[in-house]
Amino acid sequence: MVRHIVVTSVVDAITEDLREQVVNGELPPGSPLTELEVSTRYEVARSSARAAIERLTAEKVLVRRNHKTARVVELGPDDVRDIYNTRIYLESEVLRRLAGLRRVPVSSRTANSEIAELWRGGSYQIVDPDMRFHTGLIDSVDSARTSAAYHSLAFEVKLCMAQLQGRQALSPQIIVAEHARILELIELGDADGAAAMLDEHLSRARELLVGSLGGTPG
């Protein structure tokens, strides 16, 4: 039993570290990841490496076709559009509800301030606070199922944002301004305005990413 707990802890740690490397671009899309490489890198048994790879494959962080080597998932233009359109559907309804209550989440304000601070320091590494801005909005409606549905997209959204971030295609200054406007419209109780601002905000990111991945921006 003790051995089982330790192995599970090791697998959790390896899985989280590899997931973070994918988001940060240290493991680019299409990169192969073998059991031998993982076991050597982390100095763990092949069984632990295999378990981490299987978990990441189940989460769609890695893909394995025809029993070949697992590779970091590569998102194409159609994937991006589907992911971002799903975000818009979920977030728009949440913003309408928040505007009806005039409820502005403190966590979203804090996250936007972090993005502004990073921008002042000349950094484009804003994936985490940007994601926290949006999850703060979702979680503030206190619906476990809505949060679960949104969080199930979270990793794919981070992948999309990370790919844009690496190309410096989106200005943090614009992101901060649009986030601030969304919060302002919620505070004013303008449900339609907040939803429209969100649509513009996410649609621009979506089409920039589509273009950067070889698709035709809309």
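The values are calculated or read from the model by the stated rules, or taken from the named source; none is laboratory data. The structure presented is a predicted model; accordingly, all values stated were derived computationally and were not measured. When we count neighbours, we look across all protein chains shown, and the Cβ atoms used for this are built from the backbone with ideal geometry, even at glycine.
Quickly run through segment 60-100 and pick out the residues that are without any contact (Cβ under 8 Å) to a residue 60 or more places away in the chain, in a loop (DSSP other than H, G, I, E, B) and either in contact with a Phe, Trp or Tyr (Cβ under 7 Å, 6 or more places away or on another chain) or buried (at least 16 other Cβ atoms within 10 Å of the Cβ) (or both).
none
Any residue that is modelled with pLDDT under 90, assigned to a loop (DSSP other than H, G, I, E, B) and not assigned by TED's automatic domain parsing to the domain that holds Glu26 - is there at least one of those in segment 105-122?
yes
Mind listing just one residue for me: the one in segment 101-126 that is surrounded by fewer than 19 Cβ atoms within 10 Å (Cβ to Cβ) and of a type in the set (Ser, Thr, Tyr) and, of those, farthest from Glu178 (Cα to Cα)?
So, considering only residues that are surrounded by fewer than 19 Cβ atoms within 10 Å (Cβ to Cβ) and of a type in the set (Ser, Thr, Tyr), the one farthest from Glu178 (Cα to Cα) is Ser123.
Could you tell me whether any residue of segment 127-137 is free of Cβ contacts under 8 Å to residues at least 40 places away in the same chain, β-branched (Val, Ile, Thr) and crowded, with 17+ Cβ neighbours inside 10 Å?
Just the residues of segment 127-137 that are free of Cβ contacts under 8 Å to residues at least 40 places away in the same chain, to begin with: 128-129, 131-132, 135-136.
Now narrow it down to the ones that are β-branched (Val, Ile, Thr): 135.
Applying the additional criterion that residues be crowded, with 17+ Cβ neighbours inside 10 Å yields 135.
For segment 127-137, residues free of Cβ contacts under 8 Å to residues at least 40 places away in the same chain, β-branched (Val, Ile, Thr) and crowded, with 17+ Cβ neighbours inside 10 Å: present.
Within segment 148-158, is even one residue over 23 Å from Glu59 (Cβ atoms), modelled with pLDDT under 95 and either under 19 Å from the mean Cα position of the chain (by Cα) or in the same structural domain as Gln21 (by TED's automatic domain parsing) (or both)? Steps first, please.
Going residue by residue through segment 148-158, those that are over 23 Å from Glu59 (Cβ atoms) are none.
There is no residue in segment 148-158 that is over 23 Å from Glu59 (Cβ atoms), modelled with pLDDT under 95 and either under 19 Å from the mean Cα position of the chain (by Cα) or in the same structural domain as Gln21 (by TED's automatic domain parsing) (or both).
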